[in-house]
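K.L.:
Sharing a structure, written as structure tokens. Questions coming.
What follows is calculated from the coordinates using simple rules that are stated; it is not laboratory data. These figures come from a predicted structure and were not determined experimentally. All Cβ positions, even for glycine, are placed from backbone atoms using ideal geometry, and neighbour counts span all protein chains on display.
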Amino acid sequence: MPKKKKILKDLTEDEIEYYFTFLNEEITEYDCGELCKGNNKGIPYCCTAEHAVPLLYKSEFSFLKKQGDLWHKWVPKTKADKKIEETAGDDQVFCECKGVQHCVRNQRSVSCRTFPLEPYLDRRGAFIGLTFLDDFTEKDPDTKKIKCPLTKKPGDIRQQFIDSHYTFWEKLLLRSEDERETYLDSSKDLRKNKKKKGKNFTVLFPSHLKDLKSVKEYIY
Ligand code: SF4
Ligand code: SF4
């Protein structure tokens, strides 16, 4: 009997290229960097490694390195940085770009393209929409301003963006057991933390789920 071919655990460069095709929509009708640059020395909050270090798949890093020299491996400087570095999975690597003045739109990473949103899995474990990365809904301790002000303007996120990103995440969660576990955990933590604080959180629904009553029953 011919040996069954194993399913590859890690994503390949081809898959990364394919996934990028779902991540080309503009997040807003305007440049949302204008919302946060003023509080951050003229640089979008999410584009400095000091605030957010992009975590790339190793295959994504090698794919992007073939497109140009925008990315290099991030070098941790402090003890806290080293702790962050330890959170990378075996197939992932923390990276840093050359800076916003060198940004090339089609060389942005998955984490640049998806920021400030991540998939939300409800109490049943069903993937129902996107939610904001909780940490970026909080105030920055230095500026006392909301880290990502877009998190307070959910109505400004384009529906086309939500729809195509939902498709991307649906494919990824099906492809990677690790990613599914990660977001099951982060969704659970989000519910727990917000409940403790007596707060709700936003879920952005894709078009096909927006008017479905039952999908809202298991959010919190
Ligand atoms: S996503 Fe948030 S942090 Fe990033 S540029 Fe837009 S408003 Fe600023
Ligand atoms: S690649 Fe572009 S979008 Fe991504 S962190 Fe760098 S400047 Fe920001």
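K.L.:
Restricting segment 26-59 to residues that are away from ligand 2 (no atom under 12 Å from the Cβ) and of a type in the set (Ser, Thr, Tyr), which is farthest from the chain's Cα centre (by Cα)?
P.N.:
TYR30
K.L.:
Within segment 181-208, track down each residue that is farther than 15 Å from ASP134 by Cα, surrounded by fewer than 18 Cβ atoms within 10 Å (Cβ to Cβ) and touching a helix residue (DSSP H, G or I) at 6+ places or on another chain (Cβ under 7 Å).
P.N.:
If the condition is that a residue be farther than 15 Å from ASP134 by Cα, surrounded by fewer than 18 Cβ atoms within 10 Å (Cβ to Cβ) and touching a helix residue (DSSP H, G or I) at 6+ places or on another chain (Cβ under 7 Å), then SER207 is the only one that fits.
K.L.:
What are the residues in segment 1-25 that are within 18 Å of the chain's Cα centre (by Cα), part of a loop (DSSP other than H, G, I, E, B) and over 30 Å from LYS145 (Cβ atoms), if any?
P.N.:
Correct list: LEU11, THR21, PHE22.
K.L.:
Also, I was wondering about something else. Where the second residue is of a type outside the set (A, V, I, L, M) and outside any helix (DSSP H, G or I) and the first is at positive phi and away from ligand 2 (no atom under 16 Å from the Cβ) and lies in segment 61-88, which pairs have Cβ atoms under 7 Å and are six or more apart or on separate chains?
P.N.:
From residues that are at positive phi and away from ligand 2 (no atom under 16 Å from the Cβ), there are no pairs.
K.L.:
Please state which of the following conditions GLN101 fails to meet, knowing it meets all the rest: (1) within 12 Å of ligand 2 (Cβ to nearest atom); (2) under 29 Å from PRO206 (Cα atoms); (3) assigned to a helix (DSSP H, G or I); (4) not aliphatic (A, V, I, L, M).
P.N.:
(2)
K.L.:
Here's something else I'd like to know. Determine, yes or no, whether PRO44 is farther than 19 Å from PHE161 by Cα, in contact with a helix residue (DSSP H, G or I) (Cβ under 9 Å, 6 or more places away or on another chain), in contact (Cβ under 8 Å) with a residue 12 or more places away in the chain and crowded, with 19+ Cβ neighbours inside 10 Å.
P.N.:
Yes: the conditions hold for PRO44.
K.L.:
Where residues in segment 177-220 are touching an Asp or Glu at 6+ places or on another chain (Cβ under 9 Å) and small (Gly, Ala, Ser), which of them is farthest from PRO116 (Cα to Cα)?
P.N.:
Going through the qualifying residues, I end up with SER207.
K.L.:
Picking from THR87, THR28, which residue would you name as being part of a loop (DSSP other than H, G, I, E, B), in contact with a Lys or Arg (Cβ under 9 Å, 6 or more places away or on another chain) and not acidic (Asp, Glu)?
P.N.:
Residue meeting the stated conditions: THR28.
K.L.:
Inside segment 11-35, can you point out the residues that are surrounded by fewer than 17 Cβ atoms within 10 Å (Cβ to Cβ) and of a type in the set (Asp, Glu)?
P.N.:
Matches in segment 11-35: GLU13, ASP14, GLU17, GLU25, GLU26, GLU29, ASP31, GLU34.
K.L.:
Is it fair to say TYR30 is within 13 Å of ligand 1 (Cβ to nearest atom), in contact with a Cys (Cβ under 9 Å, 6 or more places away or on another chain) and not small (Gly, Ala, Ser)?
P.N.:
Considered against the rule, which asks whether it is within 13 Å of ligand 1 (Cβ to nearest atom), in contact with a Cys (Cβ under 9 Å, 6 or more places away or on another chain) and not small (Gly, Ala, Ser), TYR30 comes out as no.
K.L.:
Report every pair of residues separated by at least 6 positions or lying on different chains whose Cβ atoms are under 7 Å apart, first residue within segment 103-130 and under 19 Å from ILE157 (Cα atoms), second more than 16 Å from ligand 1 (Cβ to nearest atom) and in a loop (DSSP other than H, G, I, E, B).
P.N.:
TYR120/VAL203; ILE128/ASP122; ILE128/VAL203; ILE128/PHE205; GLY129/VAL203; GLY129/PHE205; GLY129/PRO206
K.L.:
Cβ-Cβ under 6 Å, sequence separation 6+ or interchain: first residue in segment 21-32 and touching a residue at least 40 places away in the same chain (Cβ under 8 Å), partner near ligand 1 (Cβ under 8 Å from one of its atoms). Which pairs?
P.N.:
Between residues of segment 21-32 that are touching a residue at least 40 places away in the same chain (Cβ under 8 Å) and residues that are near ligand 1 (Cβ under 8 Å from one of its atoms), the close pairs are CYS32/LEU150.
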